[in-house]
Every structure is written in C-alpha cells, then in structure tokens.
Amino acid sequence: MLTDRPSYKALQAHYQQIQQRHLRDFFEKDPARGERMNAEAAGLYLDYSKNRITEETLRLLSALAEDCGLRDRIDAMFQGKKINVTENRAVLHTSLRAPRGQSLAAATVPDAGEPVHQVLDHMAKFANRLRAGQWLGHTGKPIRNIVNIGIGGSDLGPVMAYEALRHYSDRKLTFRFVSNVDGTDFTEATLDLAAEETLFIVASKTFTTLETLANAESARQWTLDALGSPAAVAKHFVAVSTAAEEVAAFGIDTANMFGFWDWVGGRYSMDSAIGLSTMIAIGPDRFGEMLGGFHAMDEHFRTAPFERNLPVLMGLLTVWYNNFFGAQTVAVLPYDQYLKRFPAYLQQLTMESTGKSVTLDGEPIATYQTGPIFWGEPGTNGQHSFYQLLHQGTKLVPCDFIGFRHSLNPLGRHHDLLMANVFAQSKALAFGQAAPAGEPYRNFEGNRPSNTILAERLTPAILGALVALYEHSVFTQGVVWNINPFDQFGVQLGKVLAQEILPSLARNAPVPADDSSTVALLRRYRGLSA
Ligand code: F6P
C-alpha cells in the first residue's frame, strides 16, 4: 500500500513540520523563490513558487515518485506495454503525435507507427476537399456545416479544441457538436442548418454508445426527411471509430470511415481521428502543429528529470494537496475566453482517470484518497462567482491559473486588464491581507496555493502542449496512487440499468417490481396513480 511506503511516511512527517507555515513566511525566508521555483517546456512556463512547499518537499515527492516506479511506468507506456491491465491494452496516445518513423512503440505495436500517419493523410485529404468546397452533398452543393455527433471523449476533446482554436478556424464553415441524448441538443444544433449543406461526423470509438447512436439515427432521419433519398447518407455522413463492422451496419460507407485503435482511450483521443472536426476547422497544417505541441510535451515528460519535469511536478503537487492537506478539489482557471471548455474537458480527463478505489493489484483503497475533483471557469468570470470561496471559504482549493503574454484579439487595454487579474488573484490567494480591527469578515488569511502557467499566445502547438501536460500529470498521479487511469468501469452500471429500465417507460408496460423510490418515480413519470 502507498501509505506503507517509507517515502510516503517521510512525506507525512515532513507535512507535520510545514503544514502551519505560511506562504508569506516561505517568501520572506527565501526571497528568490519566485525566480527559482519554475520550469519550462514545450512553450509553457510553470511558476510553482506559490505552493506550500520547500526544496525538501520537492525532494521527498520526487523520492515518492521514484519509489512508486514512475520512471519505469513512463517507459512502459511509451514502449507500448499493456499497462491498461484491466482491459489488457497498451496505452499509446503518445504514438498518435509522434512524427513519422518516430513512434517508440511501433516495433511492438505495428499499428502505432505508419498506420497512424496513413489515417492522418486520409483525414487531411478529406479535410482539404471539404475546406476547398469540393466535397459536395447529395444535391451538388458544397458542405458548409459540420456536425460532430459523439459523447465523452468523442465530444469533449473536439468541442474544446474547436473553441480553443476558433481563431484559426475557417469562418466559412459552421461547426456544431451534439452529445446529449436529450433531443433538445440535436434539435437546437440543427434548427438553422440546411441538410443539403450539412455533414455529420459520427464519432464513437465503440460505435455502440447509446447516446451517439440515438443522435446518429435522428441525424439520418433528418437528412432523409430533407433530401428524400437513402443515397444521401453516403455524402452526408462519415464515421470516426475503431469498429468498422458497426459503422457498416449503421449504413456508413467504410471508405468514409477514419479509424483508430483500442490503445487510444476515449479521453486521450482528441489527437486521433476523433479530431477530424478540429482538422476541418483549422486545416491539416495547423492540426500538425497541434500534434507537434503534444509531442514536445511528451518528449519532455519522457526525458526530463523529475525536478524539472512539468507534468511530474504538477502531478506530485496534486498528490501533495490531495493526500496530505486533504484538499478535495483543484480549480483550473484559464484566463482566455477561447479556453472556456477546457475545464469541462479536464473533468473527463482527470476524473474518469483517477476516480478509482481499487489498486492495480485489485486491493480496495482504504487508507488514502485518490482523484480530486477538477472544476473551473475562465477568468475573470469566475472571480465574480466562486472566487469568494477560494479566498475566504473554509476549504483549501489549489488553483491552476493559465494565461498568455499576447491576446489573439488585442483590444485596447483588455489584455493587460485580464492579465493583471491573473497576477493579482494568485498574489491575493497566497499572501492574503489582515482585516482592519473589528472587521473579521474582511480578513484574507492567504496561504492558498496556486500554479501559474504562462505561454506566449494560444496557438495549436500550445494547446497540444497544455493538454499533454495534464494527460501526463494524471498519469503521474495514477502511478503514485497505484490505480489504472485508463479504464472506466464506473460508467457501466448506470448504462446497464438504463437499458433495463427503458422498457418499463413504455405506455402499456407493467411497472416492474423494484425499490420503492424507483417504482414511485416510474409511476410519476408515466402519469400513473400511486
Ligand atoms: O461512458 C464513458 C465512455 O466510455 C468514455 O470513456 C468515452 O469517451 C465515451 O463513453 C464515448 O465512447 P465512444 O467513443 O465509444 O462512443
């Protein structure tokens, strides 16, 4: 067990020594700390000096990572070993962004080499045709609207990347994202679209996901209703999936299918063919730049010493607050409007990965906490909503601030106003301010930790580096907690029960014998008397 490791016990003892120390004190005793406690890679600068740590904390956290075998686990991932043990799969999203001929796993997992680039070439050809107005719909008009249908990793990555890189997107094209099985999502997304100019990308790794198939069925009906002929499906539907048979069974020509592999986890798939909508929006060259940013961070993670390794540092700091300070959450606060869906994207990446309570050896985890809750909103909006709790609440919420030196939309003083708030917030959280006498409600106790991530400007490469940073931070956490961050069995039970319950929602079906709450709810839903 993690908590039995001497390196963990050493951290517990160290925590007892420094838990009362204030960030004011850390900075007073070590005025150069802000110049020293930073690290840089792949265009990202990380200031971690406003954390409740000393050099000794970092040394002990690194020792814990070594003790947990992080180095070997990183190598095992990149080499394509089957580290997703519960699903008996390799974990090779890093091969999706390795330059041609440079996948470290291609020798053992051949698909991770050249086939990755063949799919990218196929995507580029398709994206270029569509962007040039040469992909024609059933009536001969060029496609102008792209609707991505998918959920979870087949939605959150594409929608986040589309929003993040909108500045670079082709404004002649309209993009929509449909994920929820709630019919409102599909209806609103397509309300103002002409079917003859609309292409649906059905994105699903398994091609069995209930929400996605229901939305894809409605999309097909919507297309048929407008265009009249089943032949239209070939021109208006493409698929992104690992499951060719299911795609064919749905009626999509597998020539219009973009494949990927079982070693790409859903939440690690935005740089696979799942990113087709991103590539159509920004073009193959910029998509390639994004992959380059991912790869630069991958190489940094794989080779940099732990004490200068951004994902390792961020992962270990998450462990530090989660396991020693008892922090329950991490707030991610991007000061860039284009990153408005980044916290939502991170929720799946982090919580589907580390929301586990069984070790890799199948032991229940009883003596330590695993995954914290990730949440957030873009600044400065969050400041006028939940920052009150960050500054004066009783909970400790470590924060990640993300900001850029240059705005993509320079407008008067706006960018300086925005960035002044980043620096002010992390300062206020760290150092606080004493209340005037008799006004305790004005007290800012401070000592609230944060990281600040800065980059030049939000480019495709920087987005790739940022996502890879969090992916590998999550990996680091998973290694320390000895869990499998690549499975998601916790989503199964609800799915199965929904299938079981579905028939009893039909008008004449008998209400099943069930727990009294479920029966009462079913009766209410169906308008039956008690
Ligand atoms: O329900 C969770 C999940 O399995 C995610 O892990 C995945 O990203 C999502 O469903 C969608 O799955 P698919 O791409 O197979 O439709």
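All of the numbers you see were taken from the coordinates with simple rules; none came from a lab. Computed from a predicted model, the values in this text were never measured in an experiment. Please note: Cβ atoms are built from the backbone with ideal geometry, for glycine as well, and neighbour counts cover all protein chains shown.
Quick notes
- Of all residues making up segment 135-159, the number that are more than 13 Å from the ligand (Cβ to nearest atom), over 10 Å from F177 (Cβ atoms) and not hydroxyl-bearing (S, T, Y): 10
- For segment 180-224, a residue qualifies if it is within 16 Å of the ligand (Cβ to nearest atom), touching a strand residue (DSSP E or B) at 6+ places or on another chain (Cβ under 7 Å) and in a helix (DSSP H, G or I), and the qualifying residues are D185, F186, T212, N215, A216, A219.
- Counting residues in segment 465-481 that are within 30 Å of G152 (Cβ to Cβ), outside any helix (DSSP H, G or I) and within 24 Å of the chain's Cα centre (by Cα) gives zero.
- With respect to the conditions (1) touching a residue at least 12 places away in the same chain (Cβ under 8 Å); (2) assigned to a helix (DSSP H, G or I), V240 falls short on a single one, namely (2).
- Qualifying residue in segment 416-433 (condition: under 23 Å from the mean Cα position of the chain (by Cα) and under 28 Å from Q19 (Cβ atoms)): yes
- Going through (1) over 30 Å from G80 (Cα atoms); (2) touching a Pro at 6+ places or on another chain (Cβ under 9 Å); (3) within 16 Å of the ligand (Cβ to nearest atom) one by one, N128 falls short only on (3).
- Some residue of segment 53-73 being surrounded by 15 or more Cβ atoms within 10 Å (Cβ to Cβ) and either part of a strand (DSSP E or B) or within 22 Å of the chain's Cα centre (by Cα) (or both): yes
- Remark: pairs (first residue in segment 208-235, farther than 14 Å from T198 by Cβ; second residue assigned to a helix (DSSP H, G or I) and within 16 Å of the ligand (Cβ to nearest atom); Cβ separation under 8 Å; 6+ apart in sequence or on different chains) = T208/E246; T209/G152; T209/S154; L210/K495; L210/A498; L210/Q499; T212/S154; L213/F250.
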